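Quick notes on the structure that follows.
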Protein chains: 2
Amino acid sequence: MAGNMKPVLGFDLGGTKMLCGLVENGRTVTARYKKKTKEIDKPEDLVDRMVSCVEGCLKEAGIRAKDVAALGVAAPGPVDLKTGTLLNPPNLGVQELPLAKLLSRKLGVPVVLENDVNAGLYGEFVAGAAQGFSHVVGLFPGTGLGGGMILNGELYYGVSGAAGEIGHMTVQPGGRLCGCGNRGCLEALASRGAMAREAAVLVAAGKSPTIAKLAGTDISKMKSSVFADAIDAGEEAVIELVNNAAWWLGLGMASCVNIFNPEAIVIGGGLVEKLGKSYVKVAEASMREHAMAAIVKKVKVIAAGLADDAAVIGAAAVAAKNLALNAASGSRE
Amino acid sequence: MAGNMKPVLGFDLGGTKMLCGLVENGRTVTARYKKKTKEIDKPEDLVDRMVSCVEGCLKEAGIRAKDVAALGVAAPGPVDLKTGTLLNPPNLGVQELPLAKLLSRKLGVPVVLENDVNAGLYGEFVAGAAQGFSHVVGLFPGTGLGGGMILNGELYYGVSGAAGEIGHMTVQPGGRLCGCGNRGCLEALASRGAMAREAAVLVAAGKSPTIAKLAGTDISKMKSSVFADAIDAGEEAVIELVNNAAWWLGLGMASCVNIFNPEAIVIGGGLVEKLGKSYVKVAEASMREHAMAAIVKKVKVIAAGLADDAAVIGAAAVAAKNLALNAASGSRE
């Protein structure tokens, strides 16, 4: 019975910060502990830092590691889900790190690794905006454009856990260069990274005093809030740039609608949080314009609502589920 | 036990012909009966004609309706799978026809309806080119461009059975008009219908004597074999046109690879059968050019091999499965 289950730890490992949360009843975060993700000299430093973040969370909750059922870790892809290995995530300074095994050894609890996009989508599915649906596609525009799918009530992984690269759907053949080496990927047109590269042009042309002041032409400084501030200042060129990116996002959402026949599309991440309704509205209008009428009619567009907690809850839920499946298959043997 | 199961009838209802087959052991067609799909005055005529085709097949097999477990019907979409209703298929002259119910009443066997693309893909999965895989995407360029997916070993339907409209993924925003009303759909660039519309331009410009002779500028006469003949005649303009369509197909296949992380992509239909290896080769090269290297590396591209039998075997397999599921859920009640 869920009520009698031990709580589960969820951990969101990001490039700039890490967050550990205690998740009770599969969906409520009752304690949190946050740390910066510092540059590290050796892989063990990352593991140690994560262990200390977990311990901070346990202390905050007033419990010990043996009181939790498992730890679920949401990490930047690509990850090897079966072996719990971080492959070659950008910004973390590690490669082929068997993170689940190392953390489990130090903490004495089962550890399950999940990629952060799936974890975030699953969090919204079990406790947030996507509750009650069985077919959900998630799109998360950020530096890149992460994607994930819940099909028939389950995360869909594909044959090797790499499914969901919706951001690398080609939508403009021969078009803008993408970080993956291809041209015209959705990510190259609709991500915040893509917006930043265009904004640099506006700044250089003197068309966005706000972005010039906050970030100059440094695209790594063009966070979602920078765009929000420029829009609040009424800068027409930025409004057009953002609307254009939202239009492309909606075009990608439309293809997902036609391919998956889902009940809902969840969009989330910093852009959605900072730009809010006007951004979502443009994306949704573009989706309805480009999708097949009969299929898109009942599709709901939902802005993710759990923010940082989504990946924590989702990672914990994936870990709990994994544990239950292992127990069930063990008892059948 | 499969060996003791009654055989199952599979039926492929097309716009120009209908084919009924007796499927034994879930994968072998042991008798066939074919009829033309004539224009009809009233919906009952279609049902009567189908019944007579089924009876022809039973006679051919030397058995009676009570000797078969079920009838699976593959029909042009859109179909309502739950109620077994043909909605508004093109070229059949019927609307909202409760086909499964009507056929079942006349034949005295359970009838299950499936859309023809799913049935064809499922046939290749249980008895053809896609055997042994669990994650397969199918693309079938014809008049339109049908798509279907087998995910985790099961056909994927979406929330209302409309999933798989891969042909209506937008790949050229603002581009060529598609039959769905949108612009730049994959179908508007990679289907045989799209090729025919381009070929009409070539014919009018005097650049394809072969197509001019076989079809004139009538796009409804530009079957796959017409293109094959023009290529055999060495007509450069047609070769370029076909390669261009195959390139677009491969671009769509690449997006499917990135989204689904499948083991295989199956392509099939008349174009694949008539144009053969050179067509498949161009599509595959384009797929590998446009997909993410790590994901596409192990993906196999497979030409469907069962031709007309695919939908017959697939429809029978879906019906048998449906029946088994119903029996199982009944016994739990």
Response to the item:
Highest GNM mean-square fluctuation among B:GLY184, B:GLY62, B:GLY269, for chain B with Cα springs under 10 Å, belongs to B:GLY62
Discussion item. Cα atoms only: what Rg and Dmax, in Å, come out for region A:143-235?
Written reply: 16.2, 50
Worksheet item: Shortest first and in nm to one decimal, what separations exist between B:LYS34 and its copies in the other chains, measuring from label points 7 Å along the Cα-to-beta-carbon line?
Response: 6.9
Fill in: Share, in percent, of DSSP beta bridges within region A:129-303 that are antiparallel, nearest 5
55 percent
Worksheet item: In whole Hz, what ³J(HN,Hα) sequence does region A:297-312 give by Karplus (6.51, -1.76, 1.60; θ = phi - 60°), x for Gly and Pro?
Response: 3, 9, 6, 9, 9, 10, 7, 4, x, 8, 6, 4, 6, 4, 5, 5
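Cα-Cα pairs above 18 Å in region A:220-333: how many percent?
I get 61 percent for the Cα pairs in region A:220-333 exceeding 18 Å.
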Fill in: Gaussian network model of chain A, Cα within-10 Å springs - most flexible of A:ALA254, A:ALA319, A:ALA230
A:ALA230
Worksheet item: Per residue, how much space in cubic angstrom lies within the convex hull of the C-alpha atoms of region A:42-121?
Response: 94 Å³
Worksheet item: Treating the beta-carbon of each Lys and Arg as +1 and of each Asp and Glu as -1, no other charges, what is the dipole magnitude of chain B about its Cα centre, to the nearest 20 debye?
Response: 340 debye
Item to complete: Mind checking which of A:LEU251, B:VAL238, B:GLY174 is farthest towards the positive end of the protein assembly as shown's charge dipole, using Cβ charges of +1 (Lys, Arg) and -1 (Asp, Glu) about the Cα centre?
Response: A:LEU251
Practice prompt. Provide the per-residue ³J(HN,Hα) series for region B:76-93, in order, calculated from phi with Karplus coefficients 6.51, -1.76, 1.60 and θ = phi - 60°, each as a whole number of Hz, with x at glycine and proline positions.
Written response: x, x, x, 10, 9, 5, 5, 9, x, 10, 6, 7, 9, x, x, 6, 10, x
Worksheet item: For chain B, what's the radius of gyration and Dmax over Cα atoms, in angstrom?
Response: 20.2, 69
Response to the item:
The ³J(HN,Hα) series, computed from each phi in region B:275-286 with the Karplus coefficients 6.51, -1.76 and 1.60 at θ = phi - 60°, rounded to the nearest Hz and given as x for glycine or proline, is 8, x, 4, 5, 5, 4, 5, 5, 4, 5, 4, 5
Practice prompt. Going by C-beta contacts inside 10 Å, put B:THR37, B:THR30 in order with the fewest on the left.
Written response: B:THR30, B:THR37
Worksheet item: Taking neighbour Cβ counts within 10 Å as the exposure measure, how do A:HIS135, B:HIS168 sort from fewest upward?
Response: A:HIS135, B:HIS168
Fill in: Kirkwood hydrodynamic radius of region A:3-69, Cα pairs, Å
12.3 Å
Worksheet item: Dimensions of the protein assembly as shown along principal axes (Cα, Å, largest first)?
Response: 78, 64, 39
Discussion item. If amide hydrogens are placed 1.01 Å from N in the peptide plane, which non-local residues have theirs closer than 5 Å to the one on B:GLY146?
Written reply: B:PHE140
Worksheet item: Which of the residue pairs A:LYS59/A:LYS223; B:LYS38/B:LYS221; B:LYS274/B:LYS297; A:LYS321/B:LYS82 have a Cα-Cα distance greater than 21 Å in the structure shown?
Response: A:LYS59/A:LYS223; B:LYS274/B:LYS297; A:LYS321/B:LYS82
Practice prompt. Would you please give the residues with an amide H less than 5 Å from that of B:ALA31, counting only those at least 5 places away or on a separate chain, with H modeled from the backbone geometry?
Written response: B:LEU22
Discussion item. For B:GLU236, place a label point 7 Å from Cα along the Cα-to-Cβ direction in every copy; what are the distances to the other copies, in nm, shortest first?
Written reply: 5.0
Discussion item. How far, in nm to one decimal, is A:GLY216 from itself in the other copies if the label point is set 7 angstrom along Cα toward Cβ? Shortest first, please.
Written reply: 7.1
Worksheet item: From Cα coordinates alone, what are the radius of gyration and Dmax values for region A:129-303 in angstrom?
Response: 16.1, 50
Response to the item:
With the convex hull built on the alpha-carbon atoms of region A:85-168, volume per residue in Å³ sits at 123 Å³
Worksheet item: Nearest-5 percent of antiparallel DSSP beta bridges in chain B?
Response: 60 percent
Worksheet item: Counting other Cβ atoms within 10 Å of each Cβ, which GluC sites (Glu not before Pro) in region B:79-175 have at most 14 and sit in a DSSP loop?
Response: B:GLU96
Worksheet item: Taking only C-alpha pairs under 8 Å that are 6+ residues apart, what is the relative contact order of region B:78-210 in percent?
Response: 14 percent
Worksheet entry | Spherically averaged projected area in nm², based on the convex hull that wraps the Cα atoms of region A:204-257 | 4.1 nm²
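Coordinate-derived values only; no laboratory data. The shown structure was predicted, so the numbers you read here are calculated from the model rather than taken from an experiment. Neighbour counts are summed over all protein chains in view; Cβ atoms, including those assigned to glycine, are modelled from backbone coordinates with ideal geometry.
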